[in-house]
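Novice: I'd like to ask some things about the structure below.
The values are calculated or read from the model by the stated rules, or taken from the named source; none is laboratory data. What you are looking at is a predicted structure, and each value in this text was computed from that prediction instead of being measured. Here Cβ is always computed from backbone atoms with ideal geometry, including for glycine, and neighbour counts include all displayed protein chains. SASA here: full protein model, heavy atoms, side chains in, ligands and nucleic acids out. Shrake-Rupley method; radii C 1.70, N 1.55, O 1.52, S 1.80 Å.
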Amino acid sequence: MRIGPHLIFDGQCREAFLAYREILGGELATLLTYGESPLAGNTDPRYHDRIVHATLRLGDGGELAGADVMPKDYARPRGFFVALTLEGAERARGIFAALAEGGEIGMPFQATFWSPGFGVLVDRFGIPLEVNAA
């Protein structure tokens, strides 16, 4: 079994996944709009540029999926964090700093009793994240 986060956005999926690719690396395997999909005929043309499916394949075999939902269906994510575990405290610190730009830091990146570096944030796209150094 594989478990992977599927992130939901209100029109920022393309921008978010381009940023995640730049920050985390990996391959942007899918970035499909509603207008390019079989759903185009059932989707208000105002929303044809929204992303119906995005996939970012990460180098370690991990994967992020994402999509834009219609404005009436969007709710800010709550009740979970996407946990990123990275090799090395300096790498984790750099990724934390990049993800925190324009976002909100809940716990600054710092050494803890379980890790040489850990921090909590909500990024500029509203996604709650924990960054942990292995």
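Novice: Over the Cα atoms of region 1-76, each weighted equally, I'd like the Debye log10 I(q)/I(0) at q = 0.15, 0.22 Å⁻¹, rounded to two decimals.
Specialist: Debye curve over Cα of region 1-76, log10 I(q)/I(0) at q = 0.15, 0.22 Å⁻¹: -0.50, -0.96.
Novice: Going through region 51-134, which GluC sites (Glu not before Pro) have at most 15 other Cβ atoms within 10 Å and a DSSP loop state?
Specialist: Loop-located and lightly packed - 87, 101.
Novice: I need the chymotrypsin sites (Phe, Trp or Tyr not before Pro) found in region 57-132, filtered to DSSP loop residues with at most 16 other beta carbons within 10 Å of theirs.
Specialist: 74, 80, 81, 113, 114
Novice: With just the Cα atoms defining each centre, how far is region 92-134 from region 3-22? Give it in Å.
Specialist: 17 Å
Novice: Further question on the same structure: Given +1 on the Cβ of Lys and Arg, -1 on the Cβ of Asp and Glu, and no further charges, what dipole in debye does the chain carry about its Cα centre, rounded to the nearest 20?
Specialist: Roughly 180 debye for the chain.
Novice: Mind sorting out which of (1) 112; (2) 167; (3) 121 is the real volume of the Cα convex hull per residue in Å³ computed from the coordinates?
Specialist: (3)
Novice: Once the piece of chain linking residue 110 and residue 60 is laid out straight, how much longer is it, given 0.36 nm per residue of separation minus the C-alpha distance between them?
Specialist: Length gained between residue 110 and residue 60: 15.6 nm.
Novice: Right, here's the next one. For region 57-118, with every protein chain kept in place, what is the accessible area per residue (1.4 Å probe, Å²)?
Specialist: Heavy-atom accessible area per residue stands at 63 Å².
Novice: Output the 0 to 90 degree angle, nearest 10, between the alpha-carbon long axis of helix 13-24 and the longest principal axis computed from the alpha carbons of the chain.
Specialist: Tilt relative to the chain: about 30 degrees.
Novice: Explain nothing, just compute: Karplus ³J(HN,Hα) = 6.51 cos²θ - 1.76 cosθ + 1.60, θ = phi - 60°, for every residue of region 45-59 in order, whole Hz, x for Gly and Pro.
Specialist: For region 45-59, the Karplus curve yields x, 4, 10, 4, 7, 5, 8, 8, 7, 10, 9, 10, 8, 9, x Hz.
Novice: Taking amide H positions as placed 1.01 Å from N in the peptide plane, with prolines and chain starts having none, which residues 5 or more places from residue 9, or on another chain, fall under 5 Å of its amide H?
Specialist: 67, 68, 69
Novice: Continuing with this model, one more query. Computing the accessible area with a 1.4 Å probe over protein heavy atoms, can you report the carbon and sulfur percentage for the chain?
Specialist: In the chain, the share of accessible area belonging to carbon and sulfur is 52 percent.
Novice: Before rounding to the nearest 500, sum -39500 (n - 2.57) across all DSSP H runs of length at least 4 in the chain and divide by the residue total; then give [θ] at 222 nm in deg cm²/dmol.
Specialist: One gets -5500 deg cm²/dmol as the mean residue ellipticity at 222 nm.
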